[in-house]
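No value in this document is a laboratory result; all are computed from the given coordinates. None of the values given here were measured: they were computed from a predicted structure. Please note: Cβ atoms are built from the backbone with ideal geometry, for glycine as well, and neighbour counts cover all protein chains shown.
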Amino acid sequence: MISIFFLACGLQAQMVQAILMAPTPAAGGGAITKVCSGEATGSGAGSSITTTDANCTGANFFWACVASNTTNPTVSDDSSNSYTGLTQKTDIITAANARCSFAANASTSSTFQVSTTSDFPYLCYIGFANVKTASPKDGETGLNDAVGSPSTTISSGSITPSETDEVMLDFISSFDAGAQVWSIDSGYTVEQQATSGSGVNYGGACAYKIKTDTAAENPAWDPTAFSMTGAVSHSSYKKN
């Protein structure tokens with residue numbers, strides 16, 4: 001009887017340890033889904049740019065990024081959402097800085113637009129449904145002074161989600177010599193991208209991945225056409 005008692009206690013201890021080590025499940029509600037996206041390019045210093053109309057009905061979260069040589073450029077939209085800026089990642093070589101922002105618990109419409117005013121800008125955004133409405137950001141990292149070429153990839157910086165089913169968002173700003181074509185590994189999808197225009201705009205690309213686990217992510221960007229300099233902003237957000 002004593003041995004059976006100690007065996008039972010040991011099994012209970014193993015069960016408690018397994019529960020404590022298990023990843024935190026995401027909150028209730030549907031899975032995060034991509035709803036819409038858009039982009040716009042500038043026409044030199046002090047450009048005010050706006051994306052074309054997009055049907056973003058159903059989205060409750062927007063992530064928007066700007067490549068420019070302006071310090072901490074802001075974004076706005078035609079639904080009067082409030083955006084929280086992430087830490088700007090800088091490029092001291094060509095000033096192709098990367099600054100991303102997000103709007104949580106957002107309103108939207110069938111003719112949604114995002115705008116910014118900055119120097120030589122490229123703007124891209126993605127809208128999602130079922131992102132956590134309060135304090136959704138989980139992780140944030142990135143890379144200053146990124147340098148890449150068709151034979152040299154650029155790591156974004158590692159993030160380990162604290163919950164399952166998060167969305168990972170990655171943006172790279174770029175100054176390059178021609179019609180750049182971006183790719184990214186680790187199962188991320190390049191949603192929007194644009195090449196640099198001489199004296200007009202910086203280039204860049206935005207990508208996302210919707211997770212089903214809590215494994216760390218450190219995707220690598222590959223400038224497949226030309227060498228470039230820039231910066232990277234990588235972040236993650238919890239589901240509702």
Summing +1 for each Lys or Arg and -1 for each Asp or Glu, what net charge is found among the other residues whose Cβ lies under 12 Å from the Cβ of SER156?
-> -3
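Around ALA59, under 12 Å between beta carbons, what's the net of Lys plus Arg minus Asp minus Glu among the other residues?
On the way: positive: LYS34; negative: ASP77.
Local net charge: 0.
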Rounded to the nearest whole Å³, what is the per residue volume of the convex hull around the Cα atoms of the chain?
-> 123 Å³
Residue by residue through the stretch 104-111, the couplings from Karplus 6.51 cos²θ - 1.76 cosθ + 1.60 with θ = phi - 60°, in Hz, x for Gly and Pro, are 9, 6, 8, 9, 7, 7, 7, 10
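Listed highest first by mean packing, meaning other Cβ atoms within 10 Å per residue, what order do 226-239, 31-44 come in?
Numbers: 226-239: 25.0, 31-44: 19.1.
Result, highest mean Cβ count within 10 Å first: 226-239, 31-44.
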Under the Karplus curve 6.51 cos²θ - 1.76 cosθ + 1.60, θ = phi - 60°, whole-Hz ³J(HN,Hα) for the stretch 37-52, x wherever Gly or Pro sits = 6, x, 7, 7, 10, x, 9, x, 5, x, 6, 9, 10, 9, 6, 6
Model label zone, ASP213; criterion: amide N under 19 Å from point 7 Å along Cα-to-beta-carbon; scope the stretch 139-168 | 158-168
Along Cα→Cβ, 7 Å out, is where each label goes; now give me the distance between the ones at ASN105 and SER183 in nm to one decimal.
-> 4.2 nm
Could you let me know the centre-to-centre spacing of the stretch 50-123 and the stretch 158-232, using Cα atoms, in angstrom?
-> 15 Å
What relative contact order, as a whole-number percentage, does the stretch 27-237 give when Cα pairs under 8 Å and 6 or more residues apart are counted?
-> 27 percent
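Evaluate the relative contact order of the stretch 112-240 (contact order divided by residue number), counting alpha-carbon pairs under 8 angstrom at least 6 apart; express in whole percent.
Details: 333 pairs, mean separation 53.1, N = 129.
Reported relative contact order: 41 percent.
Taking square-rooted eigenvalues a ≥ b ≥ c of the alpha carbon gyration tensor, is the stretch 108-180 rounded, prolate or oblate, where a/c under 1.5 means rounded and, failing that, a/b exceeding b/c means prolate?
Values: a/c = 2.44, a/b = 1.24, b/c = 1.97.
Oblate, since a/c reaches 1.5 and b/c is not below a/b.
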Picking from THR90, THR189, THR111, which is most flexible by a Gaussian network model of the chain using Cα springs under 10 Å?
-> THR111
Which whole-Hz ³J(HN,Hα) couplings does the stretch 131-142 yield from phi under the Karplus relation 6.51 cos²θ - 1.76 cosθ + 1.60, θ = phi - 60°, glycine and proline marked x?
-> 8, 3, 7, 10, 6, x, 5, 10, x, 8, 7, x
Figure the gain on full extension for THR87 and SER151 (residue separation times 0.36 nm, minus the Cα-Cα span) and round it to one decimal in nm.
-> 20.2 nm
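In a shell of Cβ-Cβ distance under 12 Å around LYS89, excluding LYS89 itself, what net charge do Lys and Arg (+1) and Asp and Glu (-1) give?
Numbers: positive: ARG99; negative: ASP91, GLU140, ASP145, ASP170.
Net local charge, LYS89 excluded: -3.
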Would you look at the GNM of the chain, springs on alpha carbons closer than 10 Å, and say which of ALA96, ALA67, ALA59 moves the most?
-> ALA59
